[in-house]
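For reference, the structure is listed below as structure tokens.
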Amino acid sequence: MKTMMKLFLAGVAFAGLFAAAQAEDKPTIEMMSSWTSGGEAAALNVIKTEFEKRGGVWKDSSIAGFGAADAAFQNRIVAGDAPGAKQGVIGLAAADFVGQGLFNPIDDVAAAGKWADALPKSIHDLISYDGKVYLAPTGAHGESWVFYSKEAFGKAGIAEEPKSWDEFFADLDKLKAAGIVPVAWGGQPWQQTKVFNMILLSQVGTDGFLKIYVDKDKSEASVEGVKKTLEILGKLRGYVDAGAAGRNWNDATAMLITAKAGVQFMGDWAKGEFTVAGKEPGKDYGCMIAPESKGMVYIADSLWFPKTNNAATDKAQKLLAEVVMDPAVQVEFALKKGAIPMRSDVDKSKLDVCAKKGAELMAAGAIVPDQAIVLTPQQVGALDDFVDEYWSGGSNDAASAAENFFAVFE
Amino acid sequence: MPIKRKPNLAATIALLPTWFAAVAVFIGTMAWSIRLSFTNSTLFPSSTYVGFAQYSKLFSSAKWLASLQNVLIFGILYVAGCLLLGFLLAAALDRKIRFESAFRTIFLYPYAMSFVVTGLIWQWMLNPTLGIQASVRSLGWESFVLDWVVNRDMAIYALVLAGVWQGAGLVMVIALAGMRGIEAEQWKAARIDGIPVWRIYVSIILPQLGPALAAAGMLLAMGVIKTYDIVVAMTNGGPGNATEVPAKFIMDNLFGRQNLGLATAGATVLVLGVVIAVAPFRYAMHMRARAKGAA
């Protein structure tokens, strides 16, 4: 009985503590994100610093792993204890939450900051639901990048960037001959899907890509495109080291940084890792769009603002939305994270060579959305399964696999 | 004639919270999950009923079927491996060796670790570019291959290996306790008859350890259904579907893929599986108890 009493008292004291913390009038926000790698954390810190400078109080709830953070967030929402802000991609994943009325709109901030003029129209449409703005975009990422180690290329005697897949595979052979791991392969399903997508874009072009993912087109041209994609993907298996299964993307990037590997297929956030390691784009490492590709796959990050029924948090959410869309913060964040600023009116002169290339493609409209933007989470999962099964199954029957591809949309 | 006891009111009241927990928490949530499995729920529960659509989707999913097969292979080998190795370890320790308690601690230690830690350790050891394979190769044996964790056909056995390493200690402790309970006279009698030691273990000790080993096996088997963390830590279900397990399938669909309907259908199938496996056993126990009561 005595221990029960003690427990009870401890509980009361704990609850009192909480009440005291909430009574502070400073806008306090709990930020839940999966940005934990070196570059990502540095980028998040840009937002945090500016937020604190403007009088906010920042509580960090970082969780390693995109899926793990999503699961934790979902649990907190269901339990009625939502964090003040959550980092998530712009796309269908947020739609369910907004539809259920669980997010706060940030319309007034968007109106005051003239977001409609500052953002590309397609992005502004994606962050609005039923005419109201709900998400605050942080930056866009190009995903069809092939990074290469200049040191490794030098050792293998590769003078210039390959222009076609044939040249690309010839260069991989040279790397192999020089005793370097040709491809630093990230062995998680989501990473493999990104490689699949960048090859697909190089094979079917932007229109064909949109036809497949947006219109779910099953015509012969689409099937043929998927088949050619799978053939190239299958060929890559021969250039991957034995430890690739399950490898994190940043571990793969580290292989390039130390010149143990030649190339890595990854989104431009990999630049953040290079930057943290003190490597410079164009000097220590190069970035090129996947061979034969005339455009770029992109994905965009944003902050979500769940309803917490707490006036102080509401205030903090608005302040945070303002901070995130601040032109200076957008550039600084993009530099640290390796992203492209979402606002089109920022000073692009500070961006590195790779980001400039990406920004050009974006401005030219030569971009297609990542699957997370146009597919539901179930479909994204099915796509991951499909690519992973083909990659790890060792099946070289690209034709029959291509036929199965379209089951992803069911 | 059993004595009829009056129900104790105070005890009944004291047990009420437990009753409430059992009914509301266990049965209630179970019923709720089963209900969800008949709806088209995605991220949030919905009340649009779709009949058995989620189940037909589930059983047409190659991933789910692979996960069932995997958990079966893993379960059988894991339980059998733990029982065998645990019994052998116990028999070895039972030989009145020096430093017995030190060995006991070492062998039981893995069981004290979480499956996540076990999984990570074994993932590192079996990773071809970091672990055993790399070290042996660096010693000069260039063609040495130990790539179970990344090999589609072997990955499930890598899981079994790690699982047995973790679980054998538990069986050892239980079996050893059982062996210590066996009368020393039996040993003396067998010695006088000139029976070899291995024969004593197989024919005399093992039959008497039946209940202890059955309890250990039951504990391990219950862990099999829940197998999740070791898979996530070691292979994350890969390569491909090679080590996918039902619990991971359910978790993925519950949280990563915002697919409550499919996930609860999977969970329901899993619960049904357990019920079907346990029911005949419980029934047999019940019948045996009744037969004893009648006699």
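The values are calculated or read from the model by the stated rules, or taken from the named source; none is laboratory data. As the structure is a prediction and not an experimental result, all values here were calculated from the model. Neighbour counts are summed over all protein chains in view; Cβ atoms, including those assigned to glycine, are modelled from backbone coordinates with ideal geometry. Accessible surface is based on the protein model in full, side chains and every heavy atom, while ligands, DNA and RNA are left aside. Shrake-Rupley method; radii C 1.70, N 1.55, O 1.52, S 1.80 Å.
What's the magnitude of the charge dipole for the protein assembly as shown around its Cα centre, counting Lys and Arg as +1 and Asp and Glu as -1 at the beta-carbon? Answer in Debye, nearest 20.
3300 debye
Expressed as a whole percentage, what fraction of the accessible surface of the stretch B:62-130 belongs to carbon and sulfur atoms when a 1.4 Å probe is rolled over the protein heavy atoms?
Ligands and nucleic acids excluded, carbon and sulfur give 75 percent.
On average, how many beta carbons from a partner chain sit within 10 Å of the beta carbon of a residue in B:227-240?
Working: counts 0, 0, 0, 0, 0, 1, 0, 1, 2, 5, 4, 8, 10, 11.
Shielding by partners across B:227-240 averages 3.
Enumerate the lysines that B:LYS96 could reach by cross-link, defined here as Cα to Cα under 22 Å, with residues fewer than 8 away along the same chain left out.
B:LYS188
Averaged per residue, what accessible area in Å² does chain A show with a 1.4 Å probe, protein chains only?
Accessible surface, normalised per residue, equals 41 Å².
Per-residue ellipticity at 222 nm for chain A, helices alone: DSSP H runs ≥ 4 residues times -39500 (n - 2.57), over residue total, nearest 500 deg cm²/dmol? Please report the intermediate quantities before stating the final value.
Working: 19 runs with 218 residues, N = 410.
Per the formula, -16500 deg cm²/dmol.
Between A:ILE289 and residues 5 or more places away or on another chain, which pairs have amide H atoms under 5 Å apart, with H built 1.01 Å from N, and which residues are they?
A:VAL146
Can you find, among A:VAL374, A:LEU201, A:ILE106, the residue sitting farthest towards the positive end of the charge dipole of chain A, where Lys and Arg contribute +1 and Asp and Glu -1 at Cβ?
Value: A:ILE106.
Using a/c under 1.5 as the rounded threshold, could you call the stretch B:1-133 rounded, prolate or oblate? The axes a ≥ b ≥ c are square roots of the C-alpha gyration tensor eigenvalues, and prolate needs a/b larger than b/c, oblate otherwise. It would help to have the intermediate numbers written out before the result.
Details: a/c = 2.66, a/b = 1.21, b/c = 2.19.
Oblate.
Note the buried accessible area between B and A here, summed over both chains, with a 1.4 Å probe, in Å² to the nearest 100.
That pair hides around 1800 Å² of surface in total.
At a cut-off of 50 Å², which residues of the stretch B:256-279 become less accessible once all protein chains are present than in their chain alone, using a 1.4 Å probe?
By number: B:ARG257, B:GLN258.
Among A:GLY84, A:GLY272, A:GLY365, whose mean-square fluctuation peaks in a Gaussian network model of chain A (Cα, cutoff 10 Å)?
A:GLY365
Considering protein heavy atoms only and a 1.4 Å probe radius, which residues within the stretch A:210-244 exhibit an accessible-area decrease of no less than 20 Å² in the full assembly relative to the chain by itself?
Residues losing area: A:ALA242, A:GLY243.
Over all distinct Cα pairs, what is the inverse of the mean 1/r for the stretch A:179-230, reported as the Kirkwood hydrodynamic radius in Å?
Numbers: mean 1/r = 0.0835 Å⁻¹.
Final number for the Kirkwood radius of the stretch A:179-230 is 12.0 Å.
Beyond 29 Å between alpha-carbons counts as too far, so tell me which of A:LYS86/B:LYS57; A:LYS294/B:LYS248; A:LYS174/A:LYS271 fall in that bin.
The pairs that break the limit, which is 29 Å between Cα atoms, are A:LYS86/B:LYS57; A:LYS294/B:LYS248.
Do any residues of the stretch A:72-86 lose at least 50 Å² of accessible area when the full set of protein chains is present rather than just their chain alone, and if so which, with a 1.4 Å probe?
At a threshold of 50 Å² (probe 1.4 Å), the residues of the stretch A:72-86 that become less exposed are A:GLN74.
Which of A:PRO137, A:PRO120, A:PRO83 moves most in a GNM of chain A, Cα contacts under 10 Å?
Sorting by GNM fluctuation, first place goes to A:PRO120.
So which residue, out of B:LYS63, B:LYS226, B:LYS188, gets the largest mean-square fluctuation from a GNM of chain B using Cα contacts under 10 Å as springs?
Answer for the Gaussian network model of chain B: B:LYS188.
Can you tell me how chain B classifies by the Cα gyration tensor, rounded, prolate or oblate, using a/c under 1.5 as the rounded cut? Intermediate results must be reported in sequence, preceding the final value.
Numbers: a/c = 2.35, a/b = 1.10, b/c = 2.12.
Judged from the Cα gyration tensor, chain B comes out oblate (a/c at least 1.5, b/c at or above a/b).
In a shell of Cβ-Cβ distance under 11 Å around A:ILE29, excluding A:ILE29 itself, what net charge do Lys and Arg (+1) and Asp and Glu (-1) give? Walk me through the numbers before you get to the answer.
Numbers: positive: A:LYS26, A:LYS48, A:LYS59, A:LYS86, A:LYS315, A:LYS318; negative: A:GLU30, A:GLU52, A:ASP60, A:ASP314.
That sum, taken over residues with Cβ under 11 Å, equals +2.
Quick one: putting +1 on the C-beta of Lys and Arg, -1 on the C-beta of Asp and Glu, what dipole do you get for the stretch A:313-410 around its Cα centre, in Debye to the nearest 20? Provide the component values of the computation, followed by the final result.
Values: 9 positive and 16 negative charges, 148 e Å.
Approximately 720 debye in magnitude.
Can you list, largest first and rounded to whole Å, the semi-axes you get for the stretch A:224-318 by taking the square root of 5 times each eigenvalue of its Cα gyration tensor? Working shown, then result.
On the way: eigenvalues 239, 85, 44 Å².
For the stretch A:224-318, the ellipsoid semi-axes come out as 35, 21, 15 Å.
What list of ³J(HN,Hα) values in whole Hz, one per residue of the stretch B:108-116 in order, does the Karplus curve 6.51 cos²θ - 1.76 cosθ + 1.60 (θ = phi - 60°) give from phi, with Gly and Pro shown as x?
7, 3, x, 5, 6, 8, 6, 4, 5
Find, among the GluC sites (Glu not before Pro) in the stretch B:140-206, those assigned to loop by DSSP (not H, G, I, E, B) with at most 11 other beta-carbon atoms within 10 angstrom.
Taking the stretch B:140-206 and a limit of 11 other Cβ atoms within 10 Å, the loop GluC sites (Glu not before Pro) found are B:GLU142, B:GLU183.
Find out how many positive minus negative residues lie around A:GLY381, taking Lys and Arg as positive, Asp and Glu as negative, among other residues whose Cβ is under 9 Å from that of A:GLY381.
So the environment of A:GLY381 carries a net charge of -2.
With unit charges on the beta carbon (Lys/Arg positive, Asp/Glu negative), name the residue among B:GLY266, A:VAL146, A:MET362 whose Cα is farthest towards the positive pole of the charge dipole of the protein assembly as shown.
Of the options given, the answer is B:GLY266.
Which entries in the list A:LYS48/A:LYS235; A:LYS121/A:LYS318; A:LYS176/A:LYS227 go over 32 Å, if you measure between the two C-alpha atoms of each?
Details: A:LYS48/A:LYS235 44 Å; A:LYS121/A:LYS318 22 Å; A:LYS176/A:LYS227 26 Å.
Over 32 Å Cα-Cα: A:LYS48/A:LYS235.
With the full set of protein chains in place, find how many percent of the accessible area of chain A is carbon and sulfur; take the probe as 1.4 Å. Before the final figure, lay out the partial values.
Details: 9270 of 16800 Å².
On chain A, the fraction of accessible area on carbon and sulfur atoms equals 55 percent.
Report the gain in length on full extension from B:ILE27 to B:GLU100: 0.36 nm times residue separation, minus Cα-Cα distance, nm rounded to one decimal.
Computed gain between B:ILE27 and B:GLU100 is 21.7 nm.
Quick test of your reading: applying the under-4.7 Å Cβ rule, which cysteines of the protein assembly as shown are isolated?
Lone cysteines by the Cβ rule: B:CYS82.
For B:PHE38, what accessible area in Å² do you get when you roll a 1.4 Å probe over the heavy atoms of the protein chains, rounding to the nearest 10?
50 Å²
Could you tell me what fraction of 2.2 N^0.38 Å the Cα radius of gyration of the stretch A:330-380 comes to, as a two-decimal ratio?
Its radius of gyration relative to the 2.2 N^0.38 Å reference: 1.33.
Shape call for the stretch A:80-208 from the C-alpha gyration tensor, a ≥ b ≥ c root eigenvalues: rounded (a/c under 1.5), prolate (a/b greater than b/c) or oblate?
It comes out prolate by the Cα gyration axes.
Tell me the label-point distance for the pair A:GLU280, A:GLU224, using the 7 Å Cα-to-Cβ offset, in nm and rounded to one decimal.
The modelled label-to-label distance comes out at 4.7 nm.
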